[in-house]
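Everything on this sheet refers to the single structure shown next.
The values are calculated or read from the model by the stated rules, or taken from the named source; none is laboratory data. Computed from a predicted model, the values in this text were never measured in an experiment. Virtual Cβ from ideal backbone geometry, glycine too; neighbours counted across all protein chains shown. Accessible surface is based on the protein model in full, side chains and every heavy atom, while ligands, DNA and RNA are left aside. Shrake-Rupley method; radii C 1.70, N 1.55, O 1.52, S 1.80 Å.
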Amino acid sequence: MSALFFEWACTEKPKVSPPVSVYDGMYIVNEGNFDWGEGTITYWNPKTGEVRDDNFKKINGRPLGNVAQSMTKINNLGYIVVNNSQKIEVVDIENFQSLFTISNMVSPRYILPIGNNKMYVSDLYADGVYVVSDNKITQKIPVSGWTNRMVLDDKGKVWVARRRTDFDTRPGGTSVIIIDTSTNAVVDSVEIGTGIEEIEIDENGTIWTACSTFQKANHPAIVKIMNGNIQAFPTLFPVYRLRTDGENIYFLMNNALYSMSVNASVLPEKPIFSSSGQLYGLGVNTENILVTDAKDYVQRGTVFRLDKSGNKKDSVKAGVIPSEFCFID
Amino acid sequence: MPKIQRFTFAIMNIILVWKNKTNGQDTLVLPTQNIIASRTFCVKVERLNIPFTTGSLADVTETPFIFRRYSPGGLASVSLRGTAPTHTQLYWNGMVLHSPLLGQSDFNLFFDGGEILYGGASLEYGIGGFGGGVLWNDEMPTDKQYRISVSGGSFGSYATNNHFSIKHKKIGVKIDFNYRYADNDFSYINTSLFGRPKVSQRSAKAWFAGIKPVVFYRFHERHELCFGAWNQWAFRQIPPPQTVRFNEESQEDRSQRYLMRWNYKGKKTKVEAAAGYFNDYLYYENRLSKLFAPNISEVWQSTINVTYHLNTWKLKTGINAIHAEGKASVYENRRSQTRLGQHFSLSKSINRWNLNGLIRYDYQNQSMISYRLGGEKEINFKKIILHIYANAGKNFRPPTLNDLYWIPGGNPNLRAESGYFAETGTEITYKNLTFNLTGYLINIDNWIQWFPQTATIWSPQNLKTVSSYGTESTISHTRTFKEINLKYSMHIRWNRAVSRTSSFYGDMSVGKQMIYLPEFSGWSTLYIEGKYWSFGTELTGNSRRFVAADHSDYLPAYALLNAIFGVKYRSLNTKIRCQNITNVGYFSMPNRPMPGFHLFFELVYEINR
């Protein structure tokens, strides 16, 4: 009887969008809240204006999982790393149908395709980098600490950003490590400092990374590694996102977006874009810079599309905590 | 300051203690409830009964609290009247119970019913209770009482909760002891997996133990000493959300609390004084992430109150001091905070109106002056008794140690939350029918919210102005047919808790109901009791709860139906509780499944002399 007083929610049937070409668009990876939240994927095609929210759940009838960390396109497949759910969901890049899942990981973060159906997967807690061949885990390369983003140089070496959490009791976490892809073994490391999360490689083969304290100095920095030489660009605040389109470096620092040439000798003084929100994710392709605003992290965020000078072209509403991009060229 | 000095400091400031309330009379199943207690003028106070003696506060059916539960037996934080968990204060004999690190308590740790102090009612004991508080008081037993209860049921659960009290000449002793264990391996439909398979909850074992001995010594007609301890231990695995395959998280809680108090009752004067030492230890462990986080806090507190009656005037004044020290695993050093307070209240009856004014001054890094003004009146018509009351005032809540010193992100420049409250209510009694309606408004400025400063560092800020307003209505009816008692009651709550301000562009949460808070909630109960048997049904429910601040996602509404069957023979009482009879799949938190249909059997042996 008293149930009449309660407001009952109506359950909407999922609306499945008709299949259309996804090329020229991008998938936006929305983390969702850690633990209780659900990661989602938003499809956005700026040319047509098409937006599809929560694409995975609508197509596959189940949530993606907890904390969608990254998405990588390999051939015609989309590999979505779902961090806290300890899995990689593999989907058809065009229709987003779930094909299979790679599991038995501890807390996967990023994928780096190596070639010949082989990829590396970094992990927050596994103390290693997984080697995945033909979609099966074949090996774990032991590395103490949190392994994060990775890049492949033209000598077949993988550079892995490695850090520690604020509560970590594990050793390591202050250097970039180098793995030989032919032997799947760690062959070298470069001591940088604490908080190394980002790593990029530019058109000259120079490695770029950022840290919250540089070596023994007590300041954050952007760090350039070229021919064995380390050059630090001290920053006032920690750089938390760093990307390159080959010619320029783009980075987020203190809630603002900065840009500098890969050949520059000093850091830019002024940002090219800033916001009163919470700039969180960053993506760069040949034409655009994509910056996400995660707002208060408990409501849907916004993705801004900018030109290379930081001028806003347009924006779109994404899911909760938009962070990464998968471009479908 | 060395420990001995701190303790001496506490004793020197000796105490007050508020006296007592009547505990609910034990019956077969019929819960007792005092809607508006006359103990304190102008405020709303209710008795909070735990529906079965082996349950915890988080299992209460007839509760005004909105629980956020991670699992049965798991962490249960509460919201009262649309406020945050930190806005519900807990007191034991007037002493602040919750950890100074977190500023809130887990309701699954408490096995004793208490008194709910709504809104401004909690100001008599301290600041911070914008929503209100829960109070446990101990008083000298008046007779011998033994209660031994054991229970067992679904999901590998068993429990015992025992109470012994005795009075001999000048000495009284009360001891409560409880223990509860559960595997919590219930089945649920995992909606996050393909095909929605039925799976078993894993990694959700939990045990709790507690003992509360209290000794009273009435060494003089007017003087009484009391020594009490309240020790609790708990260990809980923290189950993963349904979207996570496995985890290895657990939490251990240990609390040791000791107090002593002295009462003097003169003809016109009453002096109540107390001092206490509370120690809390919380250890969080995550074996996957190799995170091992011990958190320790110690609190020394003392208070003294003097009440003086002069004709129709009642004057009450007192001082209190709280010194808290703590070290969370991420703090650089052990941190501390001290709060000193004094209060003064005046009550008077004029033309059958009871009027009361209370003012408090507290200092903790800043001065905080809070107050409450109120009045109440009872009007007797021929067959109808009308009771009306109203109060309004101002309250504060200073930041916790974690708010100030957490690394990274702690903000030592935080100011105390401050806000105004007002409430009015009426109770109409006609024969065996009682109707109660309360309306309230709470407006909190400088609301402390943890907010991201960078992509990885969150920091508490005085960000928002939040308004919470709503109504609480209860109707209850009792009838007796020969030897059969019948009681029906229904309670409906309506609450709107909205953020009034935003600190960033494009905030879509302004003006919208805050996350996790249902706009409508309530319960309906029917109890029938014969001489040797009893039967009861309980229907509880919540409307949908948004889990995204812009209302783009929500948890659906749900209603749960429970039934209780009881048989009583002399001092032996047997109950069967059927929970969630309709086997509703529901979530208290997103992706945190709660159990479907389950049973508990309970055996209670009770003697009162």
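Here are some notes:
- For a straight C-alpha distance cut-off of 21 angstrom, the lysines reachable from B:LYS169 (same-chain residues fewer than eight places away being disregarded) are B:LYS19, B:LYS144, B:LYS265.
- Surrounding net charge for B:SER151, when Lys and Arg each add one and Asp and Glu each subtract one, Cβ distance under 11 Å: +2
- Whole-Å distance, taken between Cα centres, linking the stretch B:520-534 and the stretch B:122-139: 29
- Once C-alpha pairs closer than 8 Å and six or more residues apart are averaged by separation and normalised to the residue number of chain A, the relative contact order reads 12 percent.
- Local charge for B:LEU433 was computed over the other residues whose Cβ lies under 13 Å away, with Lys and Arg +1 and Asp and Glu -1, and equals +3.
- Cross-link pairs beyond the 21 Å C-alpha cut-off, checked among B:LYS167/B:LYS270; B:LYS212/B:LYS268; A:LYS157/A:LYS224; B:LYS270/B:LYS377; B:LYS44/B:LYS377: B:LYS167/B:LYS270; B:LYS212/B:LYS268; B:LYS270/B:LYS377
- Solution diffusion estimate, µm²/s, Stokes-Einstein, the protein assembly as shown, Kirkwood Rh from C-alpha pairs, 20 °C, viscosity 1.002 mPa s: 71
- Per-residue ³J(HN,Hα) for the stretch B:122-131, Karplus 6.51 cos²θ - 1.76 cosθ + 1.60, θ = phi - 60°, Hz, x for Gly and Pro: 6, 5, 5, 9, x, 8, x, x, 4, x
- Couplings 3J(HN,Hα) of the stretch A:150-163, computed from phi: 9, 9, 10, 8, 6, 9, x, 9, 9, 9, 10, 6, 9, 9 Hz, in residue order, whole Hz [Karplus 6.51 cos²θ - 1.76 cosθ + 1.60, θ = phi - 60°; x for Gly and Pro].
- Burial of 30 Å² or greater, the stretch A:277-299 residues [accessible area, probe 1.4 Å, versus chain by itself]: A:GLN278, A:LYS295, A:ASP296, A:TYR297, A:VAL298, A:GLN299
- Distance between the stretch A:249-272 and the stretch A:77-95 - C-alpha centres, whole angstrom: 32
- Across peptide A:58-65, the mean count of Cβ atoms from other chains lying within 10 Å of each residue's own Cβ comes to 4.
- Calculated SAXS-style log₁₀ I(q)/I(0) at q = 0.06, 0.10 Å⁻¹ - chain B, Debye, Cα scatterers: -0.31, -0.94
- Segment A:PHE327-A:THR169, length gained on full extension (0.36 nm per residue, minus Cα span): 53.2 nm
- Note on surface exposure: B:THR501, B:THR424, B:THR540 rank B:THR424, B:THR501, B:THR540 by accessible area, highest first, 1.4 Å probe.
- Structural descriptor for chain B: relative contact order 12 percent, calculated from alpha carbon pairs under 8 angstrom and at least 6 residues apart.
- Viscosity 0.692 mPa s, temperature 37 °C, Stokes-Einstein D of the stretch A:152-286 from Kirkwood C-alpha radius, µm²/s: 213
- Pairwise burial B:A, computed as accessible area of each alone minus the pair, summed, 1.4 Å, Å²: 4300
- Residue order by solvent-accessible surface for A:VAL91, A:VAL190, A:VAL51 is A:VAL51, A:VAL190, A:VAL91, largest first, with ligands and nucleic acids left out and a 1.4 Å probe.
- Accessible area expressed per residue, chain A, with surrounding protein chains retained (probe 1.4 Å, Å²): 40
- Those residues of the stretch B:551-570 whose amide nitrogen sits under 15 Å from the label point placed on B:TYR532, 7 Å along Cα→Cβ: B:566-570
- Heavy atoms of A:MET253 accessible to a 1.4 Å probe, total area in Å² rounded to 10: 20
- Taking packing as the residue-averaged number of other Cβ atoms within 10 angstrom, the listed peptides B:191-202, B:89-100 run from highest to lowest as B:89-100, B:191-202.
- The label-point distance for B:GLU332 and B:THR471, in a model that sets each label 7 Å from Cα toward Cβ, rounds to 5.4 nm.
- Accessible-area rank, largest first, for A:LEU242, B:LEU102: B:LEU102, A:LEU242, with all protein chains present and a 1.4 angstrom probe.
- With all pairs of different C-alpha atoms in the average, the Kirkwood value for the hydrodynamic radius of the stretch B:75-202 is 17.8 Å.
- Of all lysines in the structure, the ones whose alpha carbon falls short of 16 Å from that of B:LYS482, not counting any fewer than 8 places away in one chain, are B:LYS531.
- Estimated at 0.36 nm per residue, the fully extended path between B:LYS144 and B:LYS383 surpasses their Cα-Cα distance by 82.2 nm.
- Look at where the Cα atoms of the stretch A:105-166 and of the stretch B:297-326 average out, and the two centres are 61 Å apart.
- Scattering from the stretch A:109-191 was approximated by placing one identical point on each alpha carbon and applying the Debye formula without solvent; log10 I(q)/I(0) at 0.12, 0.18, 0.24 1/Å stands at -0.30, -0.66, -1.16.
- Averaged over its residues, chain B has an accessible area of 41 Å² per residue, based on protein heavy atoms and a 1.4 Å probe.
- Rounded if a/c under 1.5, otherwise prolate or oblate - chain A, Cα gyration tensor axes: prolate
- Computed on the stretch A:109-191, with alpha-carbon pairs under 8 angstrom and 6+ residues apart, the relative contact order is 20 percent.
- Too-long pairs where the Cα-Cα distance tops 32 Å, listed order kept, from B:LYS316/B:LYS487; B:LYS327/B:LYS464; A:LYS118/A:LYS270: B:LYS316/B:LYS487; A:LYS118/A:LYS270
- Under 16 Å from B:LYS383, Cα to Cα: aspartates and glutamates that are on another chain or at least 8 residues apart: B:GLU427
- Distance in nm between pseudo-label sites at B:VAL306 and A:ILE137 (7 Å out along the Cβ direction from Cα): 7.1
- Expressed to the nearest 5 percent, the antiparallel share of DSSP beta bridges inside the stretch B:45-167 is 80 percent.
- Dividing the radius of gyration of the alpha carbons in the stretch B:436-524 by their Kirkwood radius gives 1.25 for Rg/Rh.
- Estimated vicinal HN-Hα couplings, Hz - the stretch B:232-244 in sequence order (Karplus 6.51, -1.76, 1.60; Gly, Pro = x): 9, 9, 8, 9, 9, 6, 9, x, x, x, 5, 7, 10
- Inter-chain neighbour count for B:540-553: the average number of beta-carbon atoms from partner chains within 10 Å of each residue's beta-carbon is 5.
- Residues whose amide H lies under 5 Å from that of B:TYR586, counting only those 5 or more places away or on a different chain, are B:MET594; hydrogens are built 1.01 Å from N in the peptide plane.
- Computed with every protein chain present, the accessible area of B:LYS265 is close to 110 Å² [probe 1.4 Å].
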